[in-house]
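Throughout, read-outs are computed from the coordinates displayed, never taken from laboratory work. Computed from a predicted model, the values in this text were never measured in an experiment. Because the Cβ atoms are built from the backbone with ideal geometry, glycine has one as well, and the counts that use them run over all protein chains shown.
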2 protein chains.
Amino acid sequence: MSTPGRGLHGRVLDSLGPAITAGDYPGGSVLRTDELAQRFEVSRSVMREAVRVLESMHLVESRRRVGVTVLPKSAWNVYDPQVIRWRLAGTDRPRQLRSLTVLRSAIEPVAAGLAAQHATAEQCAELTECALGMVANSRGHKLEGYLVHDVAFHRVILTASGNEMFARLGDVVAEVLAGRTHHEVMFEDPDPAAVTLHVQVAEAVRGGDAARAEQLTREITEGALQELDILAP
Amino acid sequence: MSTPGRGLHGRVLDSLGPAITAGDYPGGSVLRTDELAQRFEVSRSVMREAVRVLESMHLVESRRRVGVTVLPKSAWNVYDPQVIRWRLAGTDRPRQLRSLTVLRSAIEPVAAGLAAQHATAEQCAELTECALGMVANSRGHKLEGYLVHDVAFHRVILTASGNEMFARLGDVVAEVLAGRTHHEVMFEDPDPAAVTLHVQVAEAVRGGDAARAEQLTREITEGALQELDILAP
DNA sequence: GTGACAAATAAGTCTGACTTTTTGTGAGCG
DNA sequence: CGCTCACAAAAAGTCAGACTTATTTGTCAC
């Protein structure tokens, strides 16, 4: 999925990033570059590069004479895809999943409305194809096939909205949907009502009915929120 | 506001970051670390740190034997506050401002609804105070005073929503509102209707009326969108 | 044309010496 | 006792140079 450990500094990050986001080093903890370099058996240059990246994510702050200070959670760049992945992989997973689902519930309906106004013919076709794929995989424990089309569907909506910031949430949504299928309980086939809603959204977008696309998508995300409440009330 | 040029690598970033986000180096352009180090008169170690940061923002990609490749806009981490600031400062400003305003229109109503459910008594008081401050500065060309309270108002809403990802958008909203007051045309006093809406949102949140808070905030952001359409249709 | 091999190239890594800033501390003094 | 100021220590910051490694590209034989 992501790009693991590109270069030595990347491997250090793969180890240190999750540790920090998991809370192994509480906000205010002070680390020293030299010590870290020794611990990870890399040179100081490599360690410094890793620290710079963590700093750009506002996970740590490096100050002379004091060291590398871990910042409080409130300072973190929670929109950084890397940070999101690290948190989803760690103990913060439930909270992160909830935050992201709420975010989805705010963004996706608006994105769908915009998509109805701006989607190209090609995007409409793609959308319909995705919806059909979902229908085809909606019965008989074909969860993986369903997931692929579900992810593609939401990606097209976000892209077709024409808003670059919405488009960039495609990966996040993919992560959330994949998480739901793989980690959470999902023995049975997906909710038939949800499948129908996706088909209807595709129709609304194709027909240029922004209000309807928005409303239907709101029902989809509403369902996702309820699912979450059932799992962890 | 931001933290300019912390260390040498920071100063390199202050120069190179805006250049890339402004499109001075089109996607696909290839730079070489050594050459950049010479151009900015820093050592390679410093230059490498800067490149690592740009890489973590997905502005560039560094590959052996080829160099530092500038990535297409579609790959950028558009939620990185630093990237947002760079783009707001450059030629991409109008597009960025529009994207952010659309984002606001999706997020803030939902945030207001959640705030109505979760806001503490203290946050409600703060909110009312902000609204009153807006009223007090709404007439007689007190734009700066108005702005301060406006920013504070939206910050409280986003924080009170209880969603960490919403809360993190406080800075972004502040940037957008400040931009509207400082850069765009805003000779006259703010729209009285908008002021009234803010007061009513404060009331709705205090009263725990989520639906009303959401709807009223939707009207506020709707107004912001229309403002944008008038300026650049 | 194709496939393997060699050379060129630029990033990646390591090391050691040096600089700069910040902080703590303690001496001196009111 | 408390204050200031100067000095020393600590850790990040910077630099330069040598070396390694992966990747591309070009070439040459088949």
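Structure notes:
- Cβ-Cβ distance of residue B:75 and residue B:178, R₀ of 25 Å, FRET efficiency by 1/(1 + (r/R0)^6): the value works out to about 0.35.
- With 5 Å bins from 0: P(r) over the stretch A:7-75, alpha-carbon pairs, percent: 4, 19, 32, 29, 14, 3, 0
- Of all the options A:82, A:123, A:38, the one that moves most in a Gaussian network model of chain A with Cα springs shorter than 10 angstrom is A:38.
- Pairwise label distance in nanometres, residue A:226 with residue A:22, each label 7 Å out on the Cα-Cβ vector: 3.6
- Copy-to-copy label distances for residue A:64, where each label lies 7 Å from Cα along Cα-to-Cβ, are 3.6 nm in order of increasing length.
- Calculated FRET value between residue A:121 and residue B:64, using beta carbons and R₀ = 41 Å, to 0.05: 0.45
- Separation of the residue B:38 and residue A:43 label points, Cα + 7 Å toward Cβ, nm: 2.2
- Over chain B: helical MRE at 222 nm, DSSP H runs n ≥ 4 each giving -39500 (n - 2.57), nearest 500: -22000 deg cm²/dmol
- Cβ-derived FRET efficiency at R0 60 Å, residue B:189 paired with residue A:194, nearest 0.05: 0.80
- Chain A residue nearest the axis that carries A onto B, by Cβ, with distance in whole Å, is A:79, 2.
- Relative to the other identical copies, residue A:43 shows label-point distances of 1.1 nm, where the label point lies 7 Å from Cα along the Cβ direction and values run shortest first.
- Chain A: equivalent-ellipsoid semi-axes (sqrt of 5 x gyration tensor eigenvalues, Cα, Å): 39, 18, 16
- Under the Debye formula (equal points on every Cα, no solvent term), log10 I(q)/I(0) of the protein assembly as shown at q = 0.06, 0.12 Å⁻¹: -0.28, -1.16
- Note on residue B:2 and residue A:6: their simple-model spin labels are 2.2 nm apart, each label 7 Å out from Cα toward Cβ.
- Copy-to-copy label separations for residue A:95, where each label sits 7 Å from Cα toward Cβ, in nm and ascending: 3.6
- For the stretch A:106-132 and the stretch B:21-69, distance of Cα centres in Å: 36
- Cβ charges +1 (Lys, Arg) and -1 (Asp, Glu), total dipole of chain A, debye: 1160
- Mean silhouette area of the stretch A:104-146, derived from the convex hull of its C-alpha atoms and averaged over all directions, reads 3.7 nm².
- Low-density loop cleavage sites - GluC sites (Glu not before Pro) in the stretch B:4-51, where at most 16 other Cβ are within 10 Å (DSSP): B:41
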